[in-house]
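First comes the structure, then the notes that go with it.
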Amino acid sequence: SQKVSSHEHHDHRAVAKLRPKVPIRQSCDASISTVAAAMLAGKTDACLLVGRDGSLKGIITDNDLTRRVVAKCIDPNNPVSCVMTASPRCVSMDDSAMDALSIMIERKFRHLPVTDRSGGIVG
């Protein structure tokens, strides 16, 4: 995943100032139905999918579940890795909030994972 430079714009308010919400995480090996149930229980429309080492492997959203699973009659017992967006674009807590917003607008993202300096998932 590519990083965004925080020095490209005059507005240097960091993503950290936006207080990113702690995301729901599930294993990328979990079933689609397990992840969907976790999203429902967490009242969220996205879930970050991690590998055994805890590193970010993908993301799945309610929109993805509708378009990639329900509309295509995919078996919900399949692993979520079959339908997730792999290696999603991320921003770091130190990146410019305006740059992050620009990425979301330009690429029509509703969700943008946030990492700390060591690459750990924080939002």
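The values are calculated or read from the model by the stated rules, or taken from the named source; none is laboratory data. A quick note: this is a predicted structure, and the numbers were derived from the prediction, not measured. Because the Cβ atoms are built from the backbone with ideal geometry, glycine has one as well, and the counts that use them run over all protein chains shown. Heads up: the accessible areas ignore ligands, DNA and RNA and are worked out on the full protein's heavy atoms, side chains in. Shrake-Rupley method; radii C 1.70, N 1.55, O 1.52, S 1.80 Å.
Springs between Cα atoms under 10 Å define the GNM used for the chain, and in it the highest mean-square fluctuation of 37, 97, 71 occurs at 71.
Of all the accessible heavy-atom surface of the chain, with the other protein chains kept in place and a 1.4 Å probe, what percent is carbon and sulfur? Carbon and sulfur together cover 54 percent of it. Residues in the chain average 61 Å² of solvent-accessible surface per residue, probe 1.4 Å, ligands and nucleic acids excluded. Percent of C-alpha pairs per 10 Å bin in the stretch 17-88, short distances first: 22, 56, 20, 3, 0.
When the chain is treated as a GNM with alpha-carbon contacts under 10 Å, the residue of 18, 56, 112 showing the greatest mean-square fluctuation is 18. Note on the stretch 45-86: the C-alpha convex hull projects to 2.9 nm² when averaged across all orientations. Each principal axis of the Cα atoms in the chain has its own extent, and those three values, largest first, are 48, 29, 24 angstrom. Spacing of the modelled spin labels on residue 106 and residue 52, each 7 Å from Cα toward Cβ, amounts to 3.7 nm.
Full extension of the chain segment joining residue 77 with residue 12 gains 19.0 nm, where the gain is 0.36 nm per residue of separation less the Cα-Cα distance.
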